[in-house]
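Okay, structure first, notes after.
The values are calculated or read from the model by the stated rules, or taken from the named source; none is laboratory data. In this text the structure is predicted, and so the values were computed from the model without any measurement. Methodologically, a virtual Cβ is constructed for each residue, glycine included, from the backbone with ideal geometry; neighbour enumeration extends over all protein chains shown. Please note that ligands, DNA and RNA were not included when accessible areas were found on the heavy atoms of the full protein model with its side chains. Shrake-Rupley method; radii C 1.70, N 1.55, O 1.52, S 1.80 Å.
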Amino acid sequence: MTGTDTRGLAALRPRLPSPLREVADGRFERHGVRLLLKRDDLIHPELVGNKWRKLAPNLDAADGRTVVTFGGAYSNHLRATAAAGRLLGLPTVGVVRGQELAELPLNPSLARCAADGMRLHFVDRSTYRRKAQPETLAALLRAVEAEDAVVVPEGGSNARAVRGCRALGEELGEHADVAALACGTGGTLAGLAAGLPAGRRALGIPVLKGGFLADDIRRLQERAFGGRRGTWSLDDRFHHGGYARTTPGLDAFADDFEQRHGLAVERVYVAKLLYALLALTEEGAFPRRTTLAAVVTGRPFP
């Protein structure tokens, strides 16, 4: 796989465009709202959902070099990068937040990364916060003996990834009035909004607390496209306590959705998205005859 040659990626046979399916749910229908599920979780069995869209352009740019990336102990992005490295024969290194984890048995998520051939390098939280600073990044690359590596940021969100996610909006096209997804680092929303046609909008549901994501999305669009693209907004009320946090109400909602529709609901992102869309529908946030498309960005692990 060299330059813009994507034959290595094509050999993985991604299911693109991903399926778009309507679900019959009386809780939405009584408000005159249609619910579609954009099944990005079906793109590839190991590079699930938006991870394929974000990683593919970065892996193509790697041109056989080591890929160094970052994440926490339960990072979906680290797992996807490790799996991609194994499938494509690319060496990968995961810089993991939390030096104390180096002394503990690997949790199932990190164990999967290691089994897929990823070298794990644990750093203290102060260093991790400074990872984007040039001197800190250079020291980290020296420490893992990968100074010529392709560096992919935490969550995979950079200009390449944002441009890769534009295809998601193009696939949705005129099918939905509002395209919604749960957001971590904001790269998928930045690309989705850019790919939607005029008159359609993107809605992001942040899964982290903090209220910082809007600025990050604006910066990502500026780097990818030179300025803001598309119509998008965020509603930060549905994080349920923060990243990977849950509540009894959220768990009960996800269990019920699974029973109604036969869909295994991933809790970190997808459950919060679907919960938010129902709450907003019941608040009257969407006019009657609105069609919502909820992007299913992942599935439960393991």
**Item:** Residue in the stretch 10-32 that is surrounded by the most Cβ atoms within 10 Å (Cβ to Cβ), counting only those that are small (G, A, S) and not in a helix (DSSP H, G or I)
**Value:** S18
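On the given criteria, is R65 touching a residue at least 40 places away in the same chain (Cβ under 8 Å) and more than 20 Å from the chain's Cα centre (by Cα)? Reasoning before the result, please.
On the way: touching a residue at least 40 places away in the same chain (Cβ under 8 Å): yes; more than 20 Å from the chain's Cα centre (by Cα): yes.
The answer is yes for R65.
Among the small types (G, A, S) and at pLDDT 95 or above: does that describe G94? Give the steps one after another, and end with the answer.
On the way: among the small types (G, A, S): yes; at pLDDT 95 or above: yes.
In short, yes.
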**Fill in**
When (1) over 30 Å from P17 (Cα atoms); (2) open to solvent by 10 Å² or more (accessible area, probe 1.4 Å) are applied to E174, the one that fails is (1)
**Message:** For the stretch 192-231, which positions are assigned to a helix (DSSP H, G or I), within 22 Å of V178 (Cβ to Cβ) and free of Cβ contacts under 8 Å to residues at least 12 places away in the same chain?
**Reply:** R218
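Results for (1) at pLDDT 95 or above; (2) closer than 21 Å to A159 by Cβ; (3) of a type in the set (F, W, Y), shown as yes or no for each residue.
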{"residue": "T188", "(1), (2), (3)": "yes, yes, no"}
{"residue": "L192", "(1), (2), (3)": "yes, yes, no"}
{"residue": "G204", "(1), (2), (3)": "yes, yes, no"}
{"residue": "L208", "(1), (2), (3)": "no, no, no"}
{"residue": "F212", "(1), (2), (3)": "no, yes, yes"}
{"residue": "E222", "(1), (2), (3)": "yes, yes, no"}
{"residue": "F225", "(1), (2), (3)": "yes, yes, yes"}
{"residue": "D235", "(1), (2), (3)": "yes, no, no"}
{"residue": "R245", "(1), (2), (3)": "no, no, no"}
**Request:** Scan the stretch 77-134 for residues that are within 19 Å of E145 (Cα to Cα) and hydroxyl-bearing (S, T, Y) and jot them down.
**Result:** T81, T92, T127, Y128
**Request:** Kindly indicate whether any position in the stretch 239-262 is more than 27 Å from A111 (Cβ to Cβ), assigned to a loop (DSSP other than H, G, I, E, B) and in contact with a strand residue (DSSP E or B) (Cβ under 9 Å, 6 or more places away or on another chain).
**Result:** yes
**Complete:** Per the list (1) within 16 Å of G117 (Cβ to Cβ); (2) in contact with a His (Cβ under 6 Å, 6 or more places away or on another chain); (3) in contact (Cβ under 8 Å) with a residue 60 or more places away in the chain, residue check on V23 breaks on (1)
**Prompt:** Does any residue in the stretch 275-302 that is without any contact (Cβ under 8 Å) to a residue 60 or more places away in the chain come within less than 7 Å, Cβ to Cβ, of a residue that is crowded, with 17+ Cβ neighbours inside 10 Å and among the aliphatic types (A, V, I, L, M) six or more places away or on a different chain, and which pairs are these?
**Reply:** Y275/L250
**Residues (in contact with a Gly (Cβ under 6 Å, 6 or more places away or on another chain) and closer than 21 Å to A244 by Cβ) located in the stretch 270-301** = T297, G298
**Asked** What about A11, is it modelled with pLDDT under 95, among the small types (G, A, S) and closer than 16 Å to E154 by Cα?
**Response** no
**Message:** Please determine whether any residue of the stretch 154-162 is closer than 24 Å to C183 by Cβ, open to solvent by 40 Å² or more (accessible area, probe 1.4 Å) and touching a strand residue (DSSP E or B) at 6+ places or on another chain (Cβ under 7 Å).
**Reply:** yes
